[in-house]
Amino acid sequence: MALRNILKIGDPQLRKKSRPVTEFNERLHTLIDDMIETLVDANGLGIAAPQVGVLRRVVIVVNNDGEYLELVNPVIAAKSQETVGAYEGCLSVPDERGYVERPQKVIVKAQDRNGNAVTYNLEDMAARAACHETDHLDGTLFVDLTDQLFTEEQLEEMLSEENED
């Protein structure tokens, strides 16, 4: 396993559409293992292959139990009507957050590293992460879904002022 470089906003690779995975081999397994190691090192909740410079439909999402879900060719098959807004961040957009509405629950259909079909019912933060990471596969970043970006300091200040009211 190896740490991969996380591409930052402005890199044109992040705006490209990823191709489906068709070969479930050792190369894919290495990519997945490297993505998990990179995600752990970055202390994130999810990562998509385009963020490490690979235009393939592969994402890793941390579920609500802290497990790493390996999603190959993922599709958000269903979304709850109920949405939840939160200040979202991204490993490719360091030190900035933006308010994004996402479904509270999703059903994700994908394949595992060996090509077997998997389905996950995700909610709350895991549902948010699955939506965020699958957006990356189509070249969409959370900055495209928010009206304003905040630094960590601005957000902390704004939230502390709201709590004082």
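Please treat every number below as a calculation from the coordinates, not as lab data. In this text, all values refer to a predicted model and were calculated from it rather than measured experimentally. No Cβ is skipped: glycine too gets one built from the backbone with ideal geometry, and neighbour counts run over all protein chains shown.
Here the Karplus relation 6.51 cos²θ - 1.76 cosθ + 1.60, evaluated at θ = phi - 60°, turns the backbone of segment 119-135 into coupling constants of 9, 10, 9, 10, 9, 6, 4, 5, 5, 4, 4, 4, 5, 4, 6, 5, 4 Hz, with x for every Gly and Pro. Relative to its Kirkwood radius, the Cα radius of gyration of segment 18-165 gives an Rg/Rh of 0.99. Counting lysine pairs in the chain whose alpha carbons fall under 17 angstrom apart, excluding pairs fewer than 8 residues apart on the same chain, gives 4.
What number, in percent, do you get for the relative contact order of segment 20-165 if the mean sequence gap of Cα pairs under 8 Å and at least 6 apart is divided by its residue count? Worked out over segment 20-165, it gives 23 percent. Residue order for ASP135, ASP65, ASP41, fewest other beta carbons within 10 angstrom first, comes to ASP65, ASP41, ASP135. Shown in residue order for segment 94-106 are the 3J(HN,Hα) couplings computed by the Karplus curve 6.51 cos²θ - 1.76 cosθ + 1.60 at θ = phi - 60°: x, 6, 10, 9, x, 6, 9, 8, 9, x, 6, 9, 9 Hz (x for Gly and Pro).
Counting beta carbons within 10 Å around each of PHE142, PHE24, PHE150 and listing the fewest first gives the order PHE24, PHE150, PHE142.
Counting only alpha carbon atoms, the long axis of helix 26-42 and the longest principal axis of the chain meet at about 20°.
Annotation: extensible slack from ASP65 through ASN25 equals 11.6 nm (criterion: 0.36 nm per residue apart, minus Cα-Cα distance).
Could you pull out the GluC sites (Glu not before Pro) across segment 30-88 that fall in loop regions by DSSP (anything but H, G, I, E, B) with no more than 14 other Cβ atoms inside 10 Å?
GLU67, GLU82
In order along segment 63-75, the Karplus-derived 3J(HN,Hα) couplings, from 6.51 cos²θ - 1.76 cosθ + 1.60 at θ = phi - 60°, round to 7, 5, 9, x, 8, 8, 8, 9, 10, 9, 6, x, 9 Hz, and Gly and Pro are given as x.
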